[in-house]
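Engineer: Before we start, here is the structure in question, set down as structure tokens.
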There are 2 protein chains.
Amino acid sequence: MSIDERGAVCVLGTGLIGGSLLRAAAAAGYVAFGYNRSESGVSAARRDGFDVSDDLSAVLIRAAGVDALLVIAVPMPAVDYLLADIATLAPGCPLTDVVSVKGPVLDAVRKHGLEARYVGGHPMTGTAESGWAATDAGLFADAVWAVGVDEGTQAEPWSRVVRLALDCGSLVVPVLAEEHDQAVARISHLPHVLAETLAAAGAAGGKLALGLAAGSFRDGTRVAGTAPDLVRAICEPNAAALGRVLDEAIETLVTARDRLRVNGDLRELVEVGYRGRTAYDDRTHWEITGITPGTGDWLGELHRAGQDGGVLRAL
Amino acid sequence: MSIDERGAVCVLGTGLIGGSLLRAAAAAGYVAFGYNRSESGVSAARRDGFDVSDDLSAVLIRAAGVDALLVIAVPMPAVDYLLADIATLAPGCPLTDVVSVKGPVLDAVRKHGLEARYVGGHPMTGTAESGWAATDAGLFADAVWAVGVDEGTQAEPWSRVVRLALDCGSLVVPVLAEEHDQAVARISHLPHVLAETLAAAGAAGGKLALGLAAGSFRDGTRVAGTAPDLVRAICEPNAAALGRVLDEAIETLVTARDRLRVNGDLRELVEVGYRGRTAYDDRTHWEITGITPGTGDWLGELHRAGQDGGVLRAL
């Protein structure tokens, strides 16, 4: 297959992210089909006209026959089981995933000897909802989609993964698995932990506190409305990096509290936080151009560009 | 003046909240005028057709002449100066405020001997913007507005404050000053501190982390975009209550981090947080009825109803 052609996409797991990807890929002109473990999820997708089955072996054999891009879209605890079947039935297919951590998935892929065709992925999008009913072909529009550039990545599967992300309307950030996991601990998993902490503190104030709560509480606790099992599946596989970021956040809070108690002010924290939010508002997502996959130090160049805030908007 | 009549409202300080209140009161049919310290703020309000002056003495003498409801709408550090002039020039006017803490304002009011005509207030609304340019007559629509029911509160000024809040489109939560300050430490000041902490942690991850940041970071840091001086003016006067809530939040985070490190899970925190957010989503703002200001144990009944999540929607 030429990297300029759209091919087939096989999504394994049709929950919020996987199901939305199935919709988006179909809408973009891919031959898109998928697998889901639960019969109810399969039925819901079929009712909406999508080609989804609960027979994993049949789906993987079909994917191997059409050289489909396999997309693992199950929570981390289920990844290893899927990889075992992929290694048996579709080891030649290009392979990516949309799991919220990249290091543990890469380790599992290597354990099954599938690294030559693997490129990690993580679309930075979602809602507090889950399941097929919440799926939306527009979920990836203008989102950022992290795509792996770890050593040994091959140009052909890499280009197919990037093409899919771009066709779904996303911007692509090239990133190493380990650096991805450190970054998302800060900007995805810490937000979850702080939202849960704030929701707990608000509710501990009883009906009066919740009755007075307004915009700052509403926005600060939004992601605490996500189903507990899903939050845990997102955050817990990144325990090491999240633990280090929690150490840092706790130290920040202890310093601020002690300063407030002794001097009555929050100056340092508020100024650092304001600068941080301003840096976020001012980020540019500048476009990476002029790098040809598979030539020269393409992986190193993409890695450094991603570290510096660059994104791919076209192949 | 009968409590069934709308009278005059005099807003002291025409920033985001005070200026919006001037607009909302005028739109609701009140004779509304005001004072602002800065000439630029006065000019901006006048250009929009509002009756605002930088001559505090003249404004207060005029307010005394028409028995206007005085609304203190300056940051906490400026409250004492205003009260001194009010005690001299307009001590008979009914008096309220829209400051983010109630205990320190009540103490200052008592120091100036103005408590007989004072009723504390706090509309739970705002934006990250500030100044006259950001004012909006609709800012209070469907917001919650805390109104004091501390011992000694008189029915006539209380009814005028409640009437004004209702006429601006808000729901009124009756509350004691001390309980208000404890509650807002949880649902307004802690959200600010956690948002600043999250913004700082995200920015410490550099351009890669900020480039990958999506909805959870955006919402979790929204209020960190508020001007640092304004955040400090909101939070620091409530240092004692905020310090206690920070102790609690830090303990929650330390427990969660230790559990994550030892057992690899976040179960307890995530479940408590989810229940807290669900309780917020499910709050009802049930309507308090059948209480006549000035009769029986009206202050006690209103206090207990507010503690239990009740609101006034009509007088």
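Any read-out appearing in this document is the output of simple, stated calculations on the displayed coordinates, not a laboratory observation. The shown structure was predicted, so the numbers you read here are calculated from the model rather than taken from an experiment. Counting neighbours? That spans all protein chains shown, and the Cβs are built from the backbone with ideal geometry, glycine included.
Engineer: At a 10 angstrom cut-off on C-beta neighbours, averaged per residue, how do the peptides B:86-92, A:293-299 rank from highest to lowest? Before the final figure, lay out the partial values.
Structural biologist: Working: B:86-92: 16.6, A:293-299: 13.7.
So the order, starting with the most tightly packed, is B:86-92, A:293-299.
Engineer: Can you give me the distance in nm between label points at A:Ala204 and A:Glu129, each placed 7 Å from the Cα along the Cα-to-Cβ direction?
Structural biologist: Reported label-point gap for A:Ala204 and A:Glu129 is 3.4 nm.
Engineer: Using only Cα atoms, find the angle between the long axis of helix B:76-89 and the longest principal axis of chain B, and express it within 0 to 90 degrees, rounded to the nearest 10.
Structural biologist: That works out to roughly 10 degrees.
Engineer: Counting only other chains, and only Cβ atoms inside 10 Å, what mean value do you get across the residues of B:247-254? Before the final figure, lay out each step's value.
Structural biologist: Working: counts 4, 4, 9, 8, 2, 7, 10, 5.
Counting Cβ atoms of other protein chains within 10 Å of each residue's Cβ and averaging gives 6.
Engineer: Right, next: Quick check: pseudo-label points 7 Å beyond the Cα along Cα→Cβ at B:Asp308 and B:Asp142, how many nm apart are they?
Structural biologist: 2.7
Engineer: What are the semi-axes of the equivalent ellipsoid of the protein assembly as shown, taken as the square roots of 5 times the eigenvalues of the Cα gyration tensor, listed largest first and rounded to whole Å?
Structural biologist: 55, 24, 22
Engineer: Something else: Considering only A:Val172, A:Val231, A:Val71, give the residue with the highest GNM mean-square fluctuation for chain A, with springs between Cα atoms whenever their separation is below 10 Å.
Structural biologist: A:Val231
Engineer: With a point put 7 Å past each Cα toward its Cβ, work out how far A:Thr295 is from A:Ala87 in nm, to one decimal.
Structural biologist: 3.7
Engineer: To the nearest 10 degrees, how steeply does helix A:56-65 sit against the main Cα axis of chain A, on a 0 to 90 scale?
Structural biologist: 60
Engineer: How far, in degrees from 0 to 90, does helix A:155-167 lean away from the longest principal axis of the Cα atoms of chain A, to the nearest 10?
Structural biologist: On a 0 to 90 degree scale, this one is about 60.
Engineer: Okay, moving on. Can you give the translational diffusion coefficient of chain B in µm²/s, computed by Stokes-Einstein from the Kirkwood radius over Cα pairs at 25 °C and 0.890 mPa s? If you can, show how the numbers build up before the last one.
Structural biologist: Details: Rh = 20.9 Å.
Answer, rounded: 118 µm²/s.
Engineer: Please give the Cα centre distance for region B:250-315 versus region B:53-80, rounded to the nearest Å.
Structural biologist: 35
Engineer: Can you tell me the length gained on complete extension of the stretch A:Glu268 to A:Ser57, counting 0.36 nm per residue apart and subtracting the Cα distance?
Structural biologist: Numbers: separation 211, 0.36 × 211 = 75.96 nm, distance 5.76 nm.
Separation in residues times 0.36 nm, less the Cα-Cα distance, equals 70.2 nm.
Engineer: What is the spread of the Cα atoms of region B:181-281 along each of their three principal axes, largest first, in whole Å?
Structural biologist: 41, 35, 26
Engineer: Between region A:171-244 and region A:82-129, what is the C-alpha centre distance in whole Å?
Structural biologist: With region A:171-244 and region A:82-129 each reduced to a Cα centre, they are spaced 24 Å.
Engineer: Next question. Could you list A:Thr284, B:Thr96, B:Thr278 so that the one with the fewest beta carbons within 10 Å of its beta carbon is first and the one with the most is last? Working shown, then result.
Structural biologist: On the way: A:Thr284 10, B:Thr96 27, B:Thr278 13.
In order of increasing Cβ crowding within 10 Å: A:Thr284, B:Thr278, B:Thr96.
Engineer: Normalised by the residues of chain A, what does the relative contact order come to in percent, with Cα pairs under 8 Å and at least six apart? The partial results should precede the final answer.
Structural biologist: On the way: 504 pairs, mean separation 51.3, N = 315.
Once normalised by length, the contact order is 16 percent.
Engineer: Hey, another quick one. Starting from the exponent 0.38 and prefactor 2.2 Å, build the expected Rg for region A:185-238 from its residue count and divide its actual Cα Rg by it.
Structural biologist: Taking N as the residue count of region A:185-238, the ratio is 1.19.
Engineer: Sort A:Met76, A:Met124 so that the residue with the fewest other Cβ atoms within 10 Å of its own Cβ comes first and the one with the most comes last.
Structural biologist: Working: A:Met76 19, A:Met124 24.
Least to most surrounded, the residues fall as A:Met76, A:Met124.
Engineer: Give the order of B:Ile250, A:Ile187 when sorted by the count of other beta carbons within 10 angstrom, beginning with the fewest. Could you put the intermediate results ahead of the total?
Structural biologist: Working: B:Ile250 18, A:Ile187 28.
The order, fewest Cβ neighbours first, is B:Ile250, A:Ile187.
Engineer: How big, in percent, is the set of alpha carbon pairs in region A:12-100 lying more than 24 Å apart? Kindly include the intermediate steps, with their values, before the conclusion.
Structural biologist: Working: 384 of 3916 pairs.
Tail of P(r) above 24 Å: 10 percent of Cα pairs.
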